[in-house]
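Participant: I'd like to ask you about the structure that follows.
The values are calculated or read from the model by the stated rules, or taken from the named source; none is laboratory data. In this text, all values refer to a predicted model and were calculated from it rather than measured experimentally. Here the Cβ positions follow ideal geometry from the backbone for every residue, glycine too, while neighbour counts run over all protein chains shown.
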Amino acid sequence: VRAEVFREEGNTLELAHRAVQVRRQVLVQLAQAGFFPHESSLCGSAAEICFCTDHVPAFEKQPGFAYTRTKALNGSQVFDQLDHEMEQLQGKELDRIAYEIQFEGQAQKAAAEVLLQTLYSQYPFVDEFVITTKQTG
């Protein structure tokens, strides 16, 4: 169960918490009615609040939620963008950090593997890096 925070202003985070709670309640009711019998464990698992904004606002953790930072970064400027990201994430207790590194055109497999190794060694606290190709047009 996941809700994404796309905007920083207002009560977007509170709305995300509420959306997850409502969805979890619906899943519990469906499980009790006999639907999704094998997925009833979903109802008790930690819900994910995913920050997809350019800036992660200060927030207070609530029990039962896992807080994740995801963002797409430009492959040609990935190290500058990651350094900026690390500055703005200081002091924020996130449960998971994942970045999508986007390149124009096809990336060579060997070059992508070397880049991933470098990224994981320089940013060991990032849980996941994924290299993709930007969709143009």
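Participant: Go through (1) out of contact with any Phe, Trp or Tyr (no Cβ under 8 Å at 6 or more places or on another chain); (2) touching a residue at least 24 places away in the same chain (Cβ under 8 Å); (3) hydrophobic (A, V, I, L, M, F, W, C) one by one and return the number of the condition ALA110 breaks.
Facilitator: Here ALA110 clears every test but (2).
Participant: Filtering the stretch 60-84 down to residues that are among the aliphatic types (A, V, I, L, M), in a strand (DSSP E or B) and modelled with pLDDT of 90 or more, which residue is surrounded by the most Cβ atoms within 10 Å (Cβ to Cβ)?
Facilitator: Across the stretch 60-84, the extreme among qualifying residues is LEU73.
Participant: Quick one: in the stretch 97-111, which of the residues that are buried (at least 17 other Cβ atoms within 10 Å of the Cβ) and assigned to a strand (DSSP E or B) is modelled with the lowest pLDDT?
Facilitator: Only one residue fits best here, namely PHE103.
Participant: Which one of these does VAL130 not meet: (1) loosely packed, with under 14 Cβ neighbours inside 10 Å; (2) modelled with pLDDT under 90; (3) aliphatic (A, V, I, L, M)?
Facilitator: (2)
Participant: Taking LEU94, is it part of a loop (DSSP other than H, G, I, E, B), closer than 23 Å to GLU48 by Cβ, in contact (Cβ under 8 Å) with a residue 12 or more places away in the chain and under 20 Å from the mean Cα position of the chain (by Cα)?
Facilitator: When the stated conditions are applied, LEU94 passes them.
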